[in-house]
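Have a look at the structure below, then the notes.
The values are calculated or read from the model by the stated rules, or taken from the named source; none is laboratory data. Keep in mind it's a predicted model, so treat the numbers as computed, not measured. Every residue, glycine as well, gets a Cβ built from its backbone with ideal geometry; the counts of neighbours run over all protein chains shown. Quick note on the areas: whole protein, heavy atoms, side chains included, nothing else; ligands and nucleic acids left out. Shrake-Rupley method; radii C 1.70, N 1.55, O 1.52, S 1.80 Å.
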Amino acid sequence: MHKNMFIKGLQDKFKVKSGLKYLKGEMEKPSLPIAREKGITSVGCIVDVDNFQNAEAFYELIDEFSLRPNAIKIIGYKREYDKNSPYAIQIFSDKDLGWKGQIENGYVLEFLGREYDMLINYYEEDNLMMKLLSVKTPARLKVGLGSQDPKVNDLILNTNMKDFTLFKSELKKYLKVLNEL
């Protein structure tokens with residue numbers, strides 16, 4: 001029993017090391033331009049649901065930006081979650097880390113299978129899983145919060161994660177400046 005736990009712990013440690021190596025390599029590459037026209041018609045959101053429980057608030061952007069009802073795709077990160085608990089959005093966690101920075105989760109693969117005009121990285125902590133998903137997601141414009149790595153985002157808003165109303169108004173203001181709305 002203890003031997004298996006030790007091997008599992010060692011394996012997890014190497015997966016994290018291999019994930020960090022992959023992430024570092026991806027962040028050093030110039031980002032590939034996404035051939036989508038200006039204007040926001042599809043939005044992906046990566047939300048740290050451990051620190052911001054109201055991830056469904058992102059659906060407010062549908063009315064705010066006059067989007068189609070299915071224009072927003074939200075995926076939540078939770079350090080640990082119970083697969084049997086009902087969540088309003090799709091969830092991924094540290095357990096989904098595979099080798100070489102792969103995220104082994106069907107919801108993540110579905111999320112990555114789409115191209116977005118804008119990706120919102122709604123998290124503050126420097127987290128391997130959320131950063132991996134951020135760099136892998138094909139989006140023309142990536143928006144994050146103040147404490148994040150500027151290599152991951154094109155636009156960083158210095159708003160508090162808990163103040164979603166302020167985040168929304170700042171985002172709208174900057175998208176207008178960038179002629180996206």
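Side notes on the structure shown:
- Contact map, segment 6-26: first residue within 22 Å of Lys151 (Cβ to Cβ) and touching a residue at least 40 places away in the same chain (Cβ under 8 Å), second residue part of a helix (DSSP H, G or I) and of a type in the set (D, E, K, R), Cβ cut-off under 7 Å, separation 6 or more or different chains; pairs are Ser18/Lys100; Tyr22/Lys100; Leu23/Lys131.
- Check on Leu133, assigned to a helix (DSSP H, G or I) and open to solvent by less than 10 Å² (accessible area, probe 1.4 Å): yes
- Filtered residue count, segment 73-107, keeping only those that are within 24 Å of Gly25 (Cβ to Cβ) and under 10 Å from the mean Cα position of the chain (by Cα): 2
- Test: residue in segment 56-71 that is touching a helix residue (DSSP H, G or I) at 6+ places or on another chain (Cβ under 6 Å), without any contact (Cβ under 8 Å) to a residue 60 or more places away in the chain and surrounded by 13 or more Cβ atoms within 10 Å (Cβ to Cβ): no
- Residue that is least open to solvent (accessible area, probe 1.4 Å) [pool: residues in segment 137-181 that are charged (D, E, K, R) and in contact with a Lys or Arg (Cβ under 8 Å, 6 or more places away or on another chain)]: Glu180
- Tally of residues being among the charged types (D, E, K, R) and assigned to a strand (DSSP E or B) across segment 37-65: 1
- Members of segment 154-168 found to be assigned to a loop (DSSP other than H, G, I, E, B) and not acidic (Asp, Glu), listed by number: Asn158, Thr159, Asn160, Met161, Lys162
- Here Glu80, Glu124, Glu110 are screened, and the one residue that is within 28 Å of Leu20 (Cβ to Cβ), in contact with a Leu (Cβ under 9 Å, 6 or more places away or on another chain) and open to solvent by 40 Å² or more (accessible area, probe 1.4 Å) is Glu124.
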